[in-house]
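Just so it is clear, none of the values below were taken in a lab; they were calculated from the coordinates. If you're wondering where the values come from, they're calculated on a predicted model, not measured in any experiment. In this analysis, Cβ positions are derived from the backbone assuming ideal geometry, glycine residues included, and neighbour counts consider all displayed protein chains.
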Amino acid sequence: MAKAAVVFHSVCGNVYQMASCLTEALRGCGIEADLFRVEDETFDEVSLRFEASREFREDIQKIPVIHSGEDVIGYDALFLGSPTYFGGVSAQMKRFMDSFCDLWAQARLAGMYFACFTSSGTASGGTQMCLQSMNVFAQHMGMRLIAVPCSLGGAPQPA
């Protein structure tokens with residue numbers, strides 16, 4: 001059975017909801033899928049600032065934390081989800097991506113499948129740049145990108 005790691009960072013809950021739906025969809029396809037969140041030392045404080053955050057706060061806190069790239073060894077696919085912050089991934093997701101340095105040097109993830117997802121507060125919030133930064137990360141790791149056509153789901157652009 002194929003194994004997939006779905007790793008996300010979320011404060012307001014949007015990326016958490018997408019990660020949860022993706023995990024369930026993968027399981028529905030017979031894939032062993034594990035859901036993780038990246039470490040976020042500021043989550044307890046920041047999540048209380050936004051009304052939207054309060055709805056999913058406890059659910060997010062129940063998700064196990066993944067600490068480094070080493071933790072994805074043994075998976076066949078990696079899915080990363082991050083909110084778009086000023087056109088890029090969150091600092092917490094960037095720190096997780098940076099933890100792959102030794103794996104990159106040894107090409108230990110070459111051939112692993114990869115896809116990513118994001119959300120932003122506005123239509124012009126920089127989601128394309130955020131997705132591109134995660135895709136470039138995967139390319140450097142030698143991962144195989146899973147392309148999502150624009151026609152999927154009827155959206156004008158991928159989620």
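Here are a few things to note about the model shown:
- FRET efficiency estimate (nearest 0.05) - Cβ-Cβ, CYS29 to ALA91, R0 41 angstrom: 0.80
- The GluC sites (Glu not before Pro) of region 1-57 meeting both criteria, a DSSP state outside H, G, I, E and B (loop) and at most 10 other C-beta atoms within 10 angstrom of the site's C-beta, are GLU41.
- Each residue in HIS9, HIS67 was given a count of other beta-carbon atoms within 10 angstrom of its own, and listing them fewest first yields HIS67, HIS9.
- For the chain, the residue among VAL7, MET93, HIS140 whose Cα projects farthest onto the positive side of the dipole built from Cβ charges is HIS140.
- For region 12-68, the list of chymotrypsin sites (Phe, Trp or Tyr not before Pro) that fall in a loop by DSSP and count at most 13 other C-beta atoms within 10 angstrom reads PHE50.
- Whether region 73-127 is rounded, prolate or oblate, judged on the alpha carbon gyration tensor where a/c under 1.5 counts as rounded: prolate
- As computed over the chain, the Cα convex hull volume per residue (Å³): 112
- Virtual spin-label span in nm between GLN61 and ALA107, 7 Å along Cα→Cβ: 4.5
- Between PHE50 and CYS21, the distance separating the two model label sites (each 7 Å from Cα on the Cα→Cβ line) works out to 1.7 nm.
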